[in-house]
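Worksheet for the structure shown next.
The values are calculated or read from the model by the stated rules, or taken from the named source; none is laboratory data. Note that the coordinates shown come from a computational prediction; the quantities given were computed from them, not determined experimentally. Cβ atoms come from the backbone with ideal geometry, glycine included; neighbour counts cover every protein chain shown.
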Protein chains: 2
Amino acid sequence: MSKLTDVPKRILIGRALRSDRLGETLLPKRIALPVFASDPLSSVAYAPGEVLLVLSIAGVSAYHFSPWIAVAVVVLMFTVVASYRQNVHAYPSGGGDYEVATTNLGPRAGLTVASALLVDYVLTVAVSIASGIENLGSAIPFVIEHKVICAVAVVVLLTLMNLRGVKESGKLFAIPTYVFVGGVFIMIVWGAFRGLVLGDTMRAPTAGFHIRAEHQGLAGFALVFLLLRAFSSGCAALTGVEAISNGVPAFRKPKSRNAATTLAMMGLLAVTMFCGIIALAMTTKVRMAENPAVDLIRGGSPVGSSFVQDPVISQVAEAVFGDGSFLFVVLAAATALVLFLAANTAYNGFPLLGSILAQDRYLPRQLHTRGDRLAFSNGIVLLAGAAALLLIVYGADSTRLIQLYIVGVFVSFTLSQTGMVRHWNRHLRTEKDQAKRRHMIRSRAINTFGAFFTGLVLVVVLATKFSHGAWVALLGMCIFYATMTAIRKHYDRVADEIAAPEEPVPTDDLVRPSRVHSVVLISKIHRPALRALAYAKLLRADSLEALSVNVDAAETKALRAEWERRGIDVPLKILDSPYREVTRPVIDYVKSLRKESPRDAVSVIIPEYVVGHWYEHLLHNQSALRLKGRLLFTPGVMVTSVPYQLQSSEAAKVRARRRLEWNAPGAVRRGPKEHRDHHHRESGTKR
Amino acid sequence: MSKLTDVPKRILIGRALRSDRLGETLLPKRIALPVFASDPLSSVAYAPGEVLLVLSIAGVSAYHFSPWIAVAVVVLMFTVVASYRQNVHAYPSGGGDYEVATTNLGPRAGLTVASALLVDYVLTVAVSIASGIENLGSAIPFVIEHKVICAVAVVVLLTLMNLRGVKESGKLFAIPTYVFVGGVFIMIVWGAFRGLVLGDTMRAPTAGFHIRAEHQGLAGFALVFLLLRAFSSGCAALTGVEAISNGVPAFRKPKSRNAATTLAMMGLLAVTMFCGIIALAMTTKVRMAENPAVDLIRGGSPVGSSFVQDPVISQVAEAVFGDGSFLFVVLAAATALVLFLAANTAYNGFPLLGSILAQDRYLPRQLHTRGDRLAFSNGIVLLAGAAALLLIVYGADSTRLIQLYIVGVFVSFTLSQTGMVRHWNRHLRTEKDQAKRRHMIRSRAINTFGAFFTGLVLVVVLATKFSHGAWVALLGMCIFYATMTAIRKHYDRVADEIAAPEEPVPTDDLVRPSRVHSVVLISKIHRPALRALAYAKLLRADSLEALSVNVDAAETKALRAEWERRGIDVPLKILDSPYREVTRPVIDYVKSLRKESPRDAVSVIIPEYVVGHWYEHLLHNQSALRLKGRLLFTPGVMVTSVPYQLQSSEAAKVRARRRLEWNAPGAVRRGPKEHRDHHHRESGTKR
């Protein structure tokens, strides 16, 4: 059975790794790059188009600003990459921005970063899938005609994959990412060759269109504002850059150096692709508008609402390779695939961050434990539900979704870089070695510039996008922040309440009870009851009795008769129950025992059947379960289940074992445990 | 708080009875009549109309058959009432048709009766509410314009009332039922007075209409078939007659005689009202059609789909009292209310029958215990869901729903009466007293005629209504039958598996373990852990150790250090967990203990927090719960929870106490426990 269902999985992701071999899988750079960089690299599929879209508001003439905006994005990218190279060296434990902000700026800043990142994971799923669908749609019209349904279907597919515990695999990421990167580079080189050497005139499908400027002849402050908005949209290219700093423990040694190198490679690839696509879009005269239906003019009249505006990367590919050509289709498919992988990245990053937050008691503790399927499942379903909701509300329109994006990223960039500045200041206070000091001062300069620049971008993004949708992202951040604060407060309150007193003073609840009175609940004489009696005797309580509730007079009489006939050497006590209840008489009896001798503990022993199926469960143990629930509220009581395994319980055992072998999403990028613990301690000493 | 929410309840049903006073509430006849007879009495609100509807298929001329059909219904009613008076005397325990059929015809017949009754309870809710809405709609047009929504709203209201545990109260039933009966009698008497003495011509609102006969000049077999169909529809007046035979224990002494008298009164009232309404409908020239939109002709053209065909009782009231008159409105309201009370009857009868079936292990055992709120809730929700589904599917149209009705009732009538014949045969074989023998022979004759007549009606109902919807009811019966058989089979299999062997031979699983090894799970040193350790020591197991799982190296180190510092005199064992799991290492360790010494039992002691809110529950104990679940599958283990009550647990305690005070629906008609047990034993000896 399990062999059969494994086949498609094997085909998809190669031979499955056993979870106990997880410790051995460390990522070489050539695999780490696609695993961590699918998100930032894939964003070149939509970021250049967003720049052109915004500029088009001032008419085609504004397109000539696009190279300058590209330059600004490149500078920003280099700044951010340079800054994060410092992070990677200073914090090799993989806590990322959250750890940096918490350590250096305090828990509130840390929690703000965490909230921002959680929102961004949701948006990564929504934006990447929307854009992937649009790219796929440029090759397959059916997809674009049923955009929302297709997008939600991809969400469902990714969710099921991750719920099933399909493990992230290096190869799964490597092939499409490299095909995508290779395809874009071939496109850029071939386009340059055709244009500069062959002197071909390449024309995008929209090259002949005109744009109706919404604001003709924009100048002064309005123009600056528009350029800043175009720049903020271009900043979408930077999302996901921080992923590597979370994943240092998954790298091969020397971990920090390898991570820093991968980061640099990623930055270089991203800016080259970004600039290349912008340049080709200019050359092939791509025309894009925010509202293509009314603002794109073809032959004197607007194109109308039936017109589908293809993404810039696909228009350029059509111009360079030719519509429907093999390379065009391959690139469209690889683009869509790499975007879906970027979405999958969030499915892995969300529980990873959740596990770190759970460790700091901002989220339910069980998220911390690797492989707690139920807890991870809840997180994945939350992520998928929020992303699907956004996709439906925004009609799976990547342009509208991007308005919400980026806020979170730049909140965490800014706080993280500010934290790094503090980090270096602190170290400089104690460091005497001149060489090291010089190095630190250099790092501090980089991080200061990074903090300043990303902070500036954050202000720009907020100013230009707040009313366009960024408020939704901020609202989401506030909700996460408030929830996590409340959870932490609860845990702190409980921790205070249960803290063991330092002196073993005889406070009320720590009075060691002097004796224990055992009570075995009996409804009938059957194997489970006999077993419970046998076990109860083994425990040698100070006193032992069997207890039954008289629900049916005839049955009780039969029970008493059989008790005597079998000569069971435990006294049988029958409680009367005028209303055929079981719970109340037992609770009352236990309370009366406690009242008689308040210093004694009562041990209630309950025989239980163990069955294999949920529907069988409905047929058994219900009153035992309820009784147990109620007994837990009674002080001075311990409740013992003596299970009796029915034959059908074998089925459940098998299911439980299978659950244990489930792979938690994010395992690969989290790295093996020993390494994390080691580094965590290291950074712990630095605090 | 609870005082406040009680106020509307108090207003509605008078001072609440404490559940421990339940034993004192026995019903006098004047209260028992409305409690048990609201269902059969209320059916005169729709049964006469259904007769006219069917006859109209052959045109107005067929209306002159209606007195003959009324006579047939009256004869049937007297037969059934006379038969059930025998049941009530012979089976005073309240098992009703199910018990009679099971005892005399075997478990399969009993289960068939039970399935039929369960289906009929669903239909009672659907038909009564649909008809109540139609009657209410004759006074308030808004209601009839939003028929389905209003009907579903009434289902929801009744469901909430019964889920909340609002107890059935005699007064609640008495007032509207007597108002209804009184109103109908005033109408009949006043109508007769106006017609015969004053010589008024009373005209129903539809008196001037013509009916387009779907089959003009029907004769021979076709006419007989139509008359039989009209008769089956009229039989709807008989539903619920059996209710009294289920409720004998709730009567004051002499129970059987009082129940028999009440049954006779109910029959007399029902036939008088039925015949009176038919007679008035003839006099006032009420015209009704199955498809009024096309078959009712007003001034030469069909009335169209906007026409609302009012129920016969409301048309007659309009003719007798005048449209919008005070008595007309009172009667419409009382009719609707009594129909809703009839629906509520099913909410009480369903769990009552469920509890009897659970006693015989055809339904989950917990249904048997009075006051198991969860179990009853599931039954109520099932009943309400099925009824709401029927109301929606059939557009809350009582005429269409009645096609499904009656099948179940006559299945149980027929089987019950057949069972009674066998009952008398058996008793006649041993009875020597001539006076008693004569009495029995007379009873047997009555039941034989009853069985024959109801059996005949069952055949007629099946033949005339199968394709009109009765097949749905039969399908429902099959589903109930199959489910209950499967549940019984499961219980029997488990009972076999766990039966205690007669000889205490040392079979494998009954080997008394020789020693017990206690293991206390520790994650941190806090009050719950210290309490668990203290309790574990009390139990004096043969060996005791504390067990912790190394999930985080630093935490484990701290735990070990504090353990030593505090000088805790229990050895602390640390299990390694390479994958940060808790469950697997503990399970493996317990298994290894069992393997080392297979004859020893292992006692696992788990400290647990008790919190007050479900959302707090999500934050705690998850790994403990999962571990407990898994440990139950491990043989030779007992699992002990040592609860530590946090302050917030007080809230849950209060909630739990409130749950215990909940009233199970059907409590009043079930009668107090002592009486039931007593009678059950009585009838038990007869078997």
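For residue A:323, state whether it is acidic (Asp, Glu), modelled with pLDDT under 85, under 27 Å from residue A:141 (Cα atoms) and surrounded by fewer than 24 Cβ atoms within 10 Å (Cβ to Cβ). Yes.
Just checking, does the stretch B:111-133 include any residue being at pLDDT below 90, within 21 Å of residue B:354 (Cα to Cα) and either out of contact with any strand residue (DSSP E or B) (no Cβ under 6 Å at 6 or more places or on another chain) or assigned by TED's automatic domain parsing to the domain that holds residue B:271 (or both)?
The answer is no; no qualifying residue exists.
Residue-level analysis places residue B:522 among those that are more than 23 Å from residue A:608 (Cα to Cα), of a type in the set (Val, Ile, Thr), more than 10 Å from every other protein chain (Cβ to nearest Cβ) and crowded, with 19+ Cβ neighbours inside 10 Å.
Does residue B:548 count as touching a Ser or Thr at 6+ places or on another chain (Cβ under 9 Å), touching a residue at least 60 places away in the same chain (Cβ under 8 Å), crowded, with 22+ Cβ neighbours inside 10 Å and more than 8 Å from chain A (Cβ to nearest Cβ)? So residue B:548 fails the test.
Quick grid of which residues meet (1) over 25 Å from residue A:189 (Cα atoms); (2) in contact with a Lys or Arg (Cβ under 8 Å, 6 or more places away or on another chain); (3) surrounded by 19 or more Cβ atoms within 10 Å (Cβ to Cβ):
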residue	(1), (2), (3)
A:216	yes, no, no
A:237	no, no, yes
A:256	yes, no, no
A:259	yes, no, yes
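Consider residue A:183 carefully, then state whether it is small (Gly, Ala, Ser), in the same structural domain as residue A:56 (by TED's automatic domain parsing) and under 40 Å from the mean Cα position of the chain (by Cα). When the stated conditions are applied, residue A:183 passes them. If you check A:185, A:193 for being without any contact (Cβ under 8 Å) to a residue 60 or more places away in the chain, surrounded by fewer than 17 Cβ atoms within 10 Å (Cβ to Cβ) and farther than 23 Å from residue A:349 by Cα, only one passes: A:193.
Residue A:313 meets each of the listed conditions (1) out of contact with any strand residue (DSSP E or B) (no Cβ under 9 Å at 6 or more places or on another chain); (2) farther than 16 Å from residue A:52 by Cα apart from (2).
Where in the stretch A:397-508 are there helices (runs of 4 or more DSSP H), lying fully within it, with 2 or more residues that are assigned by TED's automatic domain parsing to the domain that holds residue A:39 and either free of Cβ contacts under 8 Å to residues at least 60 places away in the same chain or in contact with a strand residue (DSSP E or B) (Cβ under 7 Å, 6 or more places away or on another chain) (or both)? Answer list for the stretch A:397-508: A:407-430, A:434-465, A:471-498. Given the condition of a type in the set (Lys, Arg), surrounded by 15 or more Cβ atoms within 10 Å (Cβ to Cβ) and more than 14 Å from chain A (Cβ to nearest Cβ), answer yes or no: does some residue in the stretch B:487-497 qualify? Taking every residue of the stretch B:487-497 in turn, none turns out to be of a type in the set (Lys, Arg), surrounded by 15 or more Cβ atoms within 10 Å (Cβ to Cβ) and more than 14 Å from chain A (Cβ to nearest Cβ). Contact map, the stretch B:561-573: residues that are away from chain A (no Cβ under 12 Å) and at negative phi paired with residues that are assigned to a helix (DSSP H, G or I) and not small (Gly, Ala, Ser), Cβ distance under 7 Å, separation 6+ or inter-chain. Pairs shown: B:570/B:533; B:572/B:560; B:572/B:563.
Of the strands (runs of 3 or more DSSP E) entirely within the stretch A:512-578, those holding at least 2 residues that are farther than 26 Å from residue B:602 by Cβ, at pLDDT 90 or above and not polar (S, T, N, Q) occupy A:572-576.
Every residue, every condition in (1) closer than 16 Å to residue B:204 by Cα; (2) at pLDDT below 85; (3) surrounded by fewer than 24 Cβ atoms within 10 Å (Cβ to Cβ), yes or no:
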residue	(1), (2), (3)
B:272	no, no, yes
B:276	yes, no, yes
B:283	yes, no, yes
B:286	yes, no, no
B:291	no, yes, yes
B:306	no, yes, yes
B:317	yes, no, no
B:336	no, no, no
B:346	no, no, no
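Taking residues in the stretch A:225-238 that are in contact (Cβ under 8 Å) with a residue 40 or more places away in the chain, and partners anywhere that are among the charged types (D, E, K, R) and surrounded by fewer than 24 Cβ atoms within 10 Å (Cβ to Cβ), the pairs with Cβ atoms closer than 8 Å and at least 6 places apart or on different chains are A:229/A:465; A:232/A:465.
Comparison of A:363, A:352, A:296 shows that the only residue that is more than 30 Å from residue A:201 (Cα to Cα), in the same structural domain as residue A:47 (by TED's automatic domain parsing) and in contact with a Pro (Cβ under 9 Å, 6 or more places away or on another chain) is A:352. Summed over the stretch B:587-615, residues that are of a type in the set (Phe, Trp, Tyr), facing another protein chain (nearest Cβ under 10 Å) and closer than 21 Å to residue B:627 by Cβ total 1. Just checking, which of A:100, A:35 is within 21 Å of the chain's Cα centre (by Cα), part of a helix (DSSP H, G or I), modelled with pLDDT under 85 and assigned by TED's automatic domain parsing to the domain that holds residue A:485? Unique residue meeting the criteria: A:35. The requirement of being touching a helix residue (DSSP H, G or I) at 6+ places or on another chain (Cβ under 9 Å) and crowded, with 22+ Cβ neighbours inside 10 Å is not satisfied by residue A:26.
When the residues of the stretch A:616-627 are filtered to those that are of a type in the set (S, T, N, Q) and at the interface with chain B (Cβ under 9 Å from one of its Cβ atoms), the one that is farthest from the chain's Cα centre (by Cα) is A:623. Every condition in (1) of a type outside the set (A, V, I, L, M); (2) at pLDDT 90 or above; (3) in contact with a Ser or Thr (Cβ under 9 Å, 6 or more places away or on another chain) is met by residue A:14 except one, and the failing one is (2).
Looking at the stretch A:220-317, the helices (runs of 4 or more DSSP H) lying wholly inside it that each contain 2 or more residues that are β-branched (Val, Ile, Thr) sit at A:255-283. Being outside any strand (DSSP E or B), at the interface with chain B (Cβ under 8 Å from one of its Cβ atoms) and under 43 Å from the mean Cα position of the chain (by Cα) holds for only one residue in A:584, A:630, and it is A:630. Is at least one residue of the stretch A:581-590 touching a strand residue (DSSP E or B) at 6+ places or on another chain (Cβ under 7 Å) and more than 28 Å from residue B:540 (Cα to Cα)? Scanning the stretch A:581-590, I find at least one residue that is touching a strand residue (DSSP E or B) at 6+ places or on another chain (Cβ under 7 Å) and more than 28 Å from residue B:540 (Cα to Cα), so the answer is yes.
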